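Enquirer: Before I ask anything, let me first share the structure, which is written out below as C-alpha cells.
Only the coordinates and a few stated rules stand behind these numbers; no lab work does. All values derive from a computational prediction rather than experimental measurement. Cβ coordinates were reconstructed from backbone atoms using ideal geometry, including for glycine residues, and neighbour counts include every protein chain displayed.
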C-alpha cells in the first residue's frame, strides 16, 4: 500500500537557521501531498498541500514542492523561529480516497535562541 | 476559531476494560474520523464516518472498536475490551466535506492500557 517516510527527529536548530525536513512517498496513482504541524498542546493543523506534480505548497514561510520524479515533498523554511518548534507530519491521500490520510511518523523540530 | 475538542486528554485503564473516547467536531462539519498513533510509530487511519454510518475503516478497526454519533454533536470511539497494544494517542478529526485531506484535528486522547 501507499506509505510516507520522514527523516528521523528530533531536529534542533538555532533561530534564523535554514530548515529542511525530508519526506518521500510510495504511491500508486497520483496522490495529494500534505504537511501537517502539531504545536505543543494542540491538534494537528494543515500547514500546506500540493495536489499535482510540480505544485508548490506554501504557508507561514514554509514551502514544499511535489516532485514526482523523486517521489519527494521536502519541507523547507529559510529562517526558523522559536515559535516554529513543533512536530511536523508529512502525509498523502491516495487517489480516490480524498480524505483518508496516510502519515509519516512525524519529525520534532526544536528551535533555540 | 472553531476547533475539535477531545476528552479525556489521558486515560489509564486495565486490560479488558471498556473505554469510550469522546470528541466534539466542528459544528458545521459533516465528515468525522479517528486516527491513532502508537508511541514512536506512524499516525494511522482507523475509521471515517458520514451520514451516521461508517464510510471506510482500516484493518485495525476490528470488532472491538465502534463509533457513534449519539446526539448530533459528540462523536465517540468505543473500545470494547482493551488490550495492551491499544495503548496509543487517539486523534479525532472532522472536515466540512470530502475535501482532499484538509482535516481539522483535536489535541488527542492518550490511552494507556495496563
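Enquirer: Tell me, in nm to one decimal, what length is gained between residue B:55 and residue B:17 on full extension, where the rule is 0.36 nm per residue of separation less the Cα-Cα distance? The partial results should precede the final answer.
Expert: Details: separation 38, 0.36 × 38 = 13.68 nm, distance 2.70 nm.
In short, 11.0 nm is gained.
Enquirer: Shifting gears a bit: Starting from 0 in steps of 10 Å, tell me what percent of the Cα-Cα pairs of chain B lands in each bin.
Expert: 15, 51, 30, 5
Enquirer: Follow-up. Percent relative contact order of region B:1-58, based on C-alpha pairs within less than 8 angstrom and at least six residues apart?
Expert: Relative contact order, region B:1-58: 23 percent.
Enquirer: Now for a separate question. Can you tell me which of A:28, A:51, A:20 moves the most in a GNM of chain A? Springs connect C-alpha atoms under 10 Å apart.
Expert: Comparing A:28, A:51, A:20 in the GNM, the peak value goes to A:28.
Enquirer: Beyond 18 Å, how much of the Cα-Cα pair distribution for region A:2-113 remains, as a whole percent?
Expert: On the way: 2755 of 6216 pairs.
I get 44 percent for the Cα pairs in region A:2-113 exceeding 18 Å.
Enquirer: Compare A:41, A:57, A:78 in a GNM of chain A, Cα atoms joined below 10 Å, and give the one with the largest fluctuation.
Expert: The residue with the greatest mean-square fluctuation here is A:41.
Enquirer: If r is the Cβ-Cβ distance from residue B:73 to residue A:56 and R0 is 41 Å, what FRET efficiency results, to the nearest 0.05?
Expert: 0.60
Enquirer: Just want to confirm a number: the relative contact order over chain A, from Cα pairs under 8 angstrom separated by 6+ residues, in percent.
Expert: Once divided by the residue count of chain A, the mean separation gives 37 percent.
Enquirer: Which residues does the label zone of residue A:5 cover in region A:14-55, counting backbone N under 14 Å from a point 7 Å along Cα→Cβ?
Expert: Within reach of a label on residue A:5, which here means backbone N under 14 Å from a point 7 Å along Cα→Cβ, region A:14-55 contributes A:22-27.
Enquirer: Once you've got the GNM for chain A with C-alpha springs shorter than 10 Å, pick whichever of A:66, A:39, A:88 has the biggest mean-square fluctuation.
Expert: A:39
Enquirer: Along each principal axis of its Cα atoms, how long is the protein assembly as shown end to end? Whole angstroms, biggest number first, please.
Expert: Dimensions of the protein assembly as shown along the principal axes of its Cα atoms: 48, 39, 33 Å.
Enquirer: Once the piece of chain linking residue A:17 and residue A:67 is laid out straight, how much longer is it, given 0.36 nm per residue of separation minus the C-alpha distance between them?
Expert: 15.6 nm
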